[in-house]
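Coordinate-derived values only; no laboratory data. It should be emphasised that the depicted structure is a prediction, and the values quoted were computed from it without experimental measurement. Here the Cβ positions follow ideal geometry from the backbone for every residue, glycine too, while neighbour counts run over all protein chains shown.
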Amino acid sequence: MPRTAQTTALILSVTPYRDNDMMVRVFTAEGGSFSAIAYRSRASRSRFPSGLDAITLVDAAFSATTPARITLTSATVKELFWNAKTDFSRTCAASLVCELLMKTHAHGAETARLFVHALVLLGQLDREGDRAVSPEAAALAAGVVVARDLAFLPGKVQCGRCSQMNEGGWLLQVDTGELTCTQHGRASGAVRLSTAEASLLDRVLCEGDKFPESGPDPAACKALLDRLQPFLERLVDGPLRSLGALLSSAP
Ligand SMILES: [Zn+2]
């Protein structure tokens with residue numbers, strides 16, 4: 001990062017720090033995910049008129065004395081995603097978008113792509129009425145699109161070893177993200193997907209962040225998310241708390 005920068009940033013998390021400061025984790029199209037200190041943000045509202053909150057898009061100014069020490073010098077809210085924070089499931093799905101951005105290691109052109117996809121997904125979660133997207137569909141798209149953008153999942157469901165479409169089911173290797181028909185994969189360390197689940201996964205892989213607009217029923221998305229959880233947690237090298245909370249929420 002140059003010594004000072006003005007950019008749009010998605011606030012991923014906010015943690016109180018010392019008496020008057022906050023430590024924020026942000027994601028930007030240019031710099032990906034990084035931490036910054038917001039001095040006096042708990043004591044004075046002059047540079048942070050709307051305060052600082054997670055899952056919020058801000059116009060931000062940063063300054064860096066060294067690459068390891070970045071200061072958030074001001075932030076003005078552009079988008080609060082208020083509706084995405086109105087119920088537990090939606091908040092879990094929005095938090096999953098942030099958690100994935102925080103825990104995946106994106107570089108170069110990947111960061112701009114992920115930034116755009118994250119804002120589209122949060123925007124879809126934030127819509128009201130019959131254009132609203134189910135939290136399960138948005139969460140499924142978030143996980144699969146991030147894995148695809150980082151080249152852990154292919155752009156389409158197709159056996160990596162043969163071109164046949166298999167009726168018996170599919171294997172997703174949890175460690176590598178390789179997709180195969182049941183005849184060509186290793187059953188150990190794999191998640192077994194039914195043909196219906198593979199076709200839903202294919203739809204998310206191909207349509208990506210446009211997918212939830214006409215998403216299938218939340219139960220199908222939730223069932224597939226449940227299957228993909230070990231793979232996604234392997235991808236970020238630890239538990240995804242927001243995904244666990246979404247999957248365990250009723251019904
Ligand atoms: Zn095969």
Give me a comma-separated list of calculated 3J(HN,Hα) values for region 51-61, in order, Karplus coefficients 6.51, -1.76, 1.60 applied at θ = phi - 60°, integers in Hz, x for any Gly or Pro. x, 10, 9, 5, 6, 9, 9, 10, 7, 10, 10
Highest mean first, how do 112-125, 65-78 rank when packing is the count of other Cβ atoms within 10 Å averaged over residues? 112-125, 65-78
Explain nothing, just the number: dipole magnitude of region 4-79 about its Cα centre with +1 on each Lys and Arg Cβ and -1 on each Asp and Glu Cβ, in debye rounded to the nearest 20. 220 debye
Which far-off residues, 5 or more places away or on another chain, put their amide H under 5 Å from the one on residue 78, with H placed in the peptide plane? 57, 58, 59
Lys/Arg Cβ at +1, Asp/Glu Cβ at -1, dipole of the chain taken about the Cα centre: which of 201, 24, 93 is farthest positive-ward? 24
Residue 54 long-range amide H proximity, modeled H, under 5 Å: 14
For the chain, which longest stretch is free of loop sites, where a loop site is one of the GluC sites (Glu not before Pro) that DSSP puts outside H, G, I, E and B and that has at most 15 other Cβ atoms within 10 Å? 31-127
From the backbone phi of region 141-152, what are the Karplus-calculated ³J(HN,Hα) couplings (6.51 cos²θ - 1.76 cosθ + 1.60, θ = phi - 60°) in whole Hz, Gly and Pro given as x? 4, 4, x, 6, 5, 4, 4, 5, 4, 8, 6, 8
Using a Gaussian network for the chain with springs between C-alpha atoms less than 10 Å apart, which of these wobbles most: 208, 108, 185? 108
Which of 43, 141, 94 moves the most in a Gaussian network model of the chain with Cα springs under 10 Å? 43
Just the ratio, please: alpha-carbon radius of gyration of the chain over 2.2 N^0.38 Å, N its number of residues. 1.07
Quick one: putting +1 on the C-beta of Lys and Arg, -1 on the C-beta of Asp and Glu, what dipole do you get for region 83-248 around its Cα centre, in Debye to the nearest 20? 240 debye
Helix 88-103 versus the longest principal axis of the chain: what is the Cα-based angle in degrees, 0 to 90, to the nearest 10? 80 degrees
Of the residues 237, 202, 149, which exhibits the maximal mean-square fluctuation in a Gaussian network model of the chain defined by a 10 Å Cα contact cut-off? 237
Karplus-derived HN-Hα couplings along region 185-193 (A = 6.51, B = -1.76, C = 1.60, θ = phi - 60°), whole Hz, x at Gly and Pro: x, 8, 5, 6, x, 10, 9, 8, 10
Interchain or long-range residues, amide H under 5 Å from residue 42's placed H: 21, 22
Grab the other residues whose beta carbon is less than 12 angstrom from that of residue 58, score K and R as +1, D and E as -1, and report the net. -1
Nearest 10 degrees, 0 to 90: what angle lies between the long axis of helix 195-207 and the longest principal axis of the chain (Cα atoms)? 40 degrees
